[in-house]
Structures are given as C-alpha cells and as structure tokens.
Amino acid sequence: MILLDLNIEELKELLAPYDCRSFRAQQVYKWLANGCDFSEMSDLPKSLRDKLGENHTAQPIVILESIKSKDSSVKFLYRLIDGNIIEGVFMPHDYGNTLCVSTQVGCRMGCEFCASGIGGLVRNLSAGEILGQVTAVNRFLGGNVSDRKIMNIVLMGSGEPLDNFDNVVKFIDLVSAPYGLNIGKRSVSLSTCGLTEKMRELADLGLGVTLSVSLHATLDEYRRKLMLIANKYSVTDVIAAARYYFQKTGRRVIFEYSMVKGVNMSFLDAKRLAELTKGMSAHINLIMLNKVEGKNIAGCTKQEGERFCEKLRELGVSATVRRSMGSDVAGACGQLRRSRING
Ligand code: SF4
C-alpha cells in the first residue's frame, strides 16, 4: 500500500493493527507530507518503522533528474515504483511558486501540439503518486509542511486530469488537508481539454479549484485539426460546460489558447472569442508554443502573439500572452519524458 494514497482517517485504520494510539496517524502523516521515508520517522519506535517498511511504501516516486532553465523554472523527471517515468515543472512566480504536476503516465487525448499523447495512455496515477510529486519537490527545495516552498499547484503536466477523475479529486482533498501540506483548493488549477460531462461533475462538487479549459480554436473545423477530443465535443458544448462551471462556483474560467499562425489568430477568431466568453468571468491565456519534436506544428512570433492579444483586449476580452517557461529544457508537456524514453 502506498501510504500517501491515504487520508488521515484511512491512515488511522491502517495503523490500528500496529499501534492504535490516535496520535500515531498524525505523526506518520506529517512525515509523509514532508517527503520522508519510514527510516526517517525519528519519533516512531524502530519496530513500528520496520514493520511499516516491510509492508508498505511511504513515497511513491523518486526524482531522477532536475534541470534548471535560464528563466529559473526547474524541470523534473520522476520514476514511479513500477519504473514508469513522468515529469513536472517548478515555476517561480511573483504571486507564489507553482508546481505543475502530471496526472497520468502518457495521455489518450492526442492533442496535436503535445508530446505527452504521442505514445497514448499507459496508466492513471493514483492520488498518492500525484501528491508524491509535490512532497518530493517541496523537500528537494528545502521545504516542509510548516515552511512550504510551493504555493500553487497546476494540474497541467502529462495526462488529462478529468480522465482520471476520482484520483484527481482525492489528490485535491489530500494536498489541501490542514494536517498535510495545506495548499488551499483555490490555489489549485485544473486544466482540461474539455471533457464536458466531467467539467459539470467537477462544478457540482464545489471544490472551488480554478478551471482552465484548452480551447485553442473558435471553430470546430479548426479545433478538430488540433485536438482529437473536438470530434466528440463541439466548441459550443465546451463553452456551455465552462459557463456552467462559472455559474456553479463563481470562479473565473481560464481558456488556454495556443496560437498557431494561419490557423486561429485572425480578427474573426478574436471576435468569436469575445462572443463565446461574453457574460461570464473569463480570461484567455494565449500560449506561445514550444517546438515539439515529432509534431509538425508551428507557433507564431512574439510580435504576432502580442498583436492578437491586443485585438482581444480592444474587444473587451481579458487576455495575456503566457510566458513560455523552460523552453531551453524541453519545457513543453511530455517532451523531457519522451527524450528519456527514446534514449
Ligand atoms: S495537452 Fe493535455 S490532454 Fe492534450 S495530449 Fe497533452 S496531456 Fe493530453
């Protein structure tokens, strides 16, 4: 059993046959949230540490590699217990350090601009495997539960979070638990390619996380060229689900929009974006694409991106061009993992 998969109540139950005193679960959980292994849990009797170590796993991932970019973001490559490899990126921001975490090994959504989907989905990550990325990096940066080095979480690494719904919801509960890392749910952003039923289900749960929707085009015809999922859900469906999320939670919805020259950056695109997001609190994150090896897709220049952003603002749309972090260290989703798998 991976102990990071458990909440405090489940941990109490697991520990009961070993030591039924109620404070034990709190003690163990604190060590787990600090990224520690059983051998480091110094306020536990050695016999208990040994027994737990024989039967269970404390931390489900190890950091294989960390590569610092010129812009101070750090790309991480992790190994899971079964040998699978995932990645993430730490981004220092003025508004608080942010960790981007993966939710699946690979992805089955097959977006044209993304390296994570190239080999398809391998498997879902458990809640503890997602949390393990946070505990490992927080520790790597010299943090612990009372002095956190990570303030915000974005579920934007490899995988579609809503395709691994139950584990992701449990992760959000665990990472925000006051007895653990205590990162507020409002400091968690979940990015989806637009699985509309699951977006509504998430809205109904009322967790209050920020929802970020990969829109990337205003017309189905173009969206289908970029995203396989657009064959299942139309732009209208996706916008309706995003609107539902806003109405249910009152949270501003973020739309991710990767700018592709000659495909989705015309004045008409800007006008349609304004129309689609009218009447809801929304922000458009315009993305400068990192070059992805094995994908034949071009982005745009900085000036072209800024011009498109200006057009949107003139139409009253809240929009910014997202700083592309880590492009010198394979910063785009799935690139580093692929380079490692391909040798
Ligand atoms: S962008 Fe996200 S949903 Fe699309 S293939 Fe990549 S990881 Fe999957």
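The values are calculated or read from the model by the stated rules, or taken from the named source; none is laboratory data. Since we're looking at a predicted model, the values are computed, not measured. Glycine also receives a Cβ, built like all others from the backbone with ideal geometry; neighbour counts cover every protein chain displayed. Keep in mind that these areas ignore ligands, DNA and RNA; they rest on the heavy atoms of the full protein, side chains included. Shrake-Rupley method; radii C 1.70, N 1.55, O 1.52, S 1.80 Å.
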- Message: Skipping prolines and chain starts, which residues have an amide H placed within reach, meaning under 5 Å, of the one on L125, given they are 5 or more residues away or on another chain?
- Response: Q104, V105
- How large is ³J(HN,Hα), in whole Hz, for each residue of region 281-288 in order, when computed from phi with the Karplus curve 6.51 cos²θ - 1.76 cosθ + 1.60 and θ = phi - 60°, using x for Gly and Pro? 7, 9, 9, 9, 8, 8, 10, 7
- Item | Nearest-20 debye value, the chain charge dipole, Cβ charges on Lys, Arg, Asp, Glu | 740 debye
- Out of residues 5 or more away from L64 or on other chains, whose amide H comes under 5 Å of its own, with H placed 1.01 Å from N in the peptide plane? L77, Y78, R79
- With +1 on each Lys and Arg Cβ and -1 on each Asp and Glu Cβ, and nothing else charged, work out how big the dipole of region 3-55 is about its Cα centre, in Debye to the nearest 20. 220 debye
- Message: Probe of 1.4 angstrom, ligands and nucleic acids ignored: what's the accessible area per residue over the chain, in square angstrom?
- Response: 43 Å²
- Query: Tilt of helix 165-175 relative to the longest C-alpha principal axis of the chain, in degrees (0 to 90, nearest 10)?
  - Reply: 60 degrees
- Query: What residue among S146, Q27, Y244 has its Cα farthest toward the positive end of the dipole of the chain, where the charges are +1 on Lys, Arg and -1 on Asp, Glu, each on the Cβ?
  - Reply: Y244
- Message: How charged is the neighbourhood of S126? Take every other residue with its Cβ under 12 Å from the Cβ of S126, and add Lys/Arg as +1 and Asp/Glu as -1.
- Response: -2
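Using only DSSP helix segments of four residues or longer, with each worth -39500 (n - 2.57), what per-residue ellipticity at 222 nm results for the chain after dividing by its residue count and rounding to 500? Mind showing how you got there, number by number?
Working: 11 runs with 116 residues, N = 343.
After summing the helix terms and dividing by the residues of the chain, the value is -10000 deg cm²/dmol.
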- Query: Can you list the HN-Hα couplings for region 69-75, worked out from phi with the Karplus curve (6.51, -1.76, 1.60; θ = phi - 60°), rounded to whole Hz and with x for Gly and Pro?
  - Reply: 8, 4, 8, 6, 6, 10, 8
- Task: Compute the long axis of helix 23-33 from its Cα atoms, compare it with the longest principal axis of the Cα atoms of the chain, and write down the angle in degrees, 0 to 90, nearest 10.
- Result: 40 degrees
- Query: For region 209-225, what does the Karplus curve 6.51 cos²θ - 1.76 cosθ + 1.60, with θ = phi - 60°, yield as ³J(HN,Hα) per residue in whole Hz, taken in order and with x for Gly and Pro?
  - Reply: 6, 6, 9, 10, 10, 6, 9, 6, 7, 9, 10, 4, 4, 7, 4, 5, 6
- Positive end of the charge dipole of the chain (Lys, Arg +1 and Asp, Glu -1 on Cβ, about the Cα centre): tell me which of V235, V260, N55 has its Cα farthest that way. V260
- Item | Cα gyration tensor, region 42-122 - rounded (a/c under 1.5), prolate or oblate | oblate
- Query: Of Q26, Q133, Q303, which has the largest mean-square fluctuation in a 10 Å C-alpha GNM of the chain?
  - Reply: Q303
- Query: Percent of accessible area on region 204-297 owned by carbon and sulfur, 1.4 Å probe?
  - Reply: 51 percent
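Quick one: grab the alpha carbon gyration tensor of region 3-55, order the square roots of its eigenvalues as a ≥ b ≥ c, and give me rounded if a/c is under 1.5, else prolate or oblate depending on whether a/b is larger than b/c. Intermediate results must be reported in sequence, preceding the final value.
Values: a/c = 1.41, a/b = 1.09, b/c = 1.30.
It is rounded, given that a/c, with a ≥ b ≥ c, falls under 1.5.
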- Cα to Cα, under 26 Å, and not fewer than 8 places away if on the same chain: which lysines meet these conditions relative to K302? K68, K70, K75, K225, K261, K271, K291, K311
- Task: Label the chain by shape, choosing from rounded, prolate and oblate, from the square roots a ≥ b ≥ c of the eigenvalues of the Cα gyration tensor; if a/c is under 1.5 it is rounded, and otherwise prolate applies when a/b is larger than b/c, oblate when it is not.
- Result: prolate
- Query: So how tilted is helix 235-249 from the main axis of the chain? Cα-based, degrees 0 to 90, rounded to 10.
  - Reply: 50 degrees
- Query: Whose amide H sits under 5 Å from the amide H of S214, counting only residues 5 or more places off or on another chain, with H placed in the peptide plane?
  - Reply: T192, C193, G194, E256
